[in-house]
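Undergrad: My questions all concern the structure below.
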Amino acid sequence: MTELISEIEIRALTVDDRNWVALRLEQNWGSTRVVSRGCLYYAHTLPGCVAMHEDQIAGLLTYNIDGDAIEVITLNSFKPGLGVGTSLLEAVRKAALDAEPAFRRLWLITTNDNLPALRFYQKRGFEIATFHRNSVAEARKLKPEIPLFGLEGIPIRDEIELELPLNKALKSEM
Ligand SMILES: CC(C)(COP(=O)(O)OP(=O)(O)OC[C@H]1O[C@@H](n2cnc3c(N)ncnc32)[C@H](O)[C@@H]1OP(=O)(O)O)[C@@H](O)C(=O)NCCC(=O)NCCS
């Protein structure tokens, strides 16, 4: 998974990346632990990819494979608005389609408070597949550090499941 999209280079994470990945996840999410649909992940141990821009780490995506589905577990851009987030998603979409056999599902969870992420993903072709009302209460049993309030002071309550139809190109205004 190595791509060059304008000046953003994407490469796959290796075991050697784990220390800085853990540090970045702690800085951005308060922990390397991520709960999604009742599963607890130590995200720094997952496969993923890193975006480089001007020799600096510009973004990080981790994912989990389960059967014929890939779930994006974390996505962070450290240089917003340059196309880093879009490039990381595009790299995973391409890898999902190029795999033998190809994956059938690319999906992710975000929470109800993360309006910028909901906007970002839907503008790139992700569709809301379903939502899980009050499921974050269960997630807090696995990860008590999930705050009660998120972006803009919105109570964090629900998991929203988004899916990218893999037969369509990733939409982007870049
Ligand atoms: C959501 C997130 C990953 C987006 O990353 P990003 O690198 O800013 O994403 P992009 O640069 O690809 O796209 C962002 C905007 O910049 C614009 N953009 C992209 N490339 C551009 C370029 N070369 N020049 C100018 N603007 C550009 C895009 O049009 C896009 O705007 P739009 O959403 O109105 O279409 C980032 O905001 C983030 O890390 N958020 C915090 C963590 C989070 O919530 N993650 C998701 C939940 S798991």
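Read-outs throughout are calculated quantities, based only on the coordinates presented, and are distinct from any laboratory measurement. Predicted model only: the values in this text are computed from it and were never measured. As a convention, Cβ positions derive from the backbone with ideal geometry for all residues, glycine included, and neighbour counts pool all protein chains shown.
Undergrad: What's the total number of residues in the range 64-82 that are touching a strand residue (DSSP E or B) at 6+ places or on another chain (Cβ under 6 Å) and either more than 12 Å from the ligand (Cβ to nearest atom) or of a type in the set (D, E, K, R) (or both)?
TA: Step one: filter the range 64-82 for residues touching a strand residue (DSSP E or B) at 6+ places or on another chain (Cβ under 6 Å), giving 64, 69-79.
Those left that are additionally either more than 12 Å from the ligand (Cβ to nearest atom) or of a type in the set (D, E, K, R) (or both): 64, 69-71, 79.
So the count comes out to 5.
Undergrad: Yes or no: LEU75 surrounded by 15 or more Cβ atoms within 10 Å (Cβ to Cβ) and either closer than 21 Å to PRO147 by Cβ or touching a helix residue (DSSP H, G or I) at 6+ places or on another chain (Cβ under 6 Å) (or both)?
TA: Answer is yes for this residue.
Undergrad: Something else now. Taking into account only those residues within the range 102-116 that are aliphatic (A, V, I, L, M) and touching a residue at least 40 places away in the same chain (Cβ under 8 Å), which is farthest from the ligand (Cβ to nearest atom)? Quick ask: steps written out before the conclusion?
TA: We begin by selecting, within the range 102-116, every residue aliphatic (A, V, I, L, M); these are 102, 106, 108-109, 115.
Still in the running and touching a residue at least 40 places away in the same chain (Cβ under 8 Å): 102, 106, 108-109.
Details: ALA102: 24, LEU106: 13, LEU108: 6, ILE109: 8 Å.
Selected residue: ALA102.
Undergrad: Moving to a separate point now. Within the range 151-168, can one find any residue that is in contact (Cβ under 8 Å) with a residue 12 or more places away in the chain, out of contact with any strand residue (DSSP E or B) (no Cβ under 9 Å at 6 or more places or on another chain) and more than 15 Å from the ligand (Cβ to nearest atom)?
TA: Scanning the range 151-168 turns up at least one residue that is in contact (Cβ under 8 Å) with a residue 12 or more places away in the chain, out of contact with any strand residue (DSSP E or B) (no Cβ under 9 Å at 6 or more places or on another chain) and more than 15 Å from the ligand (Cβ to nearest atom).
Undergrad: State whether the residues of the range 16-37 include one that is touching a strand residue (DSSP E or B) at 6+ places or on another chain (Cβ under 9 Å), among the hydroxyl-bearing types (Ser, Thr, Tyr) and under 29 Å from PRO144 (Cα atoms).
TA: Yes, there is a match, as at least one residue in the range 16-37 is touching a strand residue (DSSP E or B) at 6+ places or on another chain (Cβ under 9 Å), among the hydroxyl-bearing types (Ser, Thr, Tyr) and under 29 Å from PRO144 (Cα atoms).
Undergrad: Against the conditions (1) within 11 Å of the ligand (Cβ to nearest atom); (2) on the phi > 0 side of the Ramachandran plot, where does GLY85 fall short? Just the number, please.
TA: Tallying (1) within 11 Å of the ligand (Cβ to nearest atom); (2) on the phi > 0 side of the Ramachandran plot, GLY85 fails exactly one: (2).
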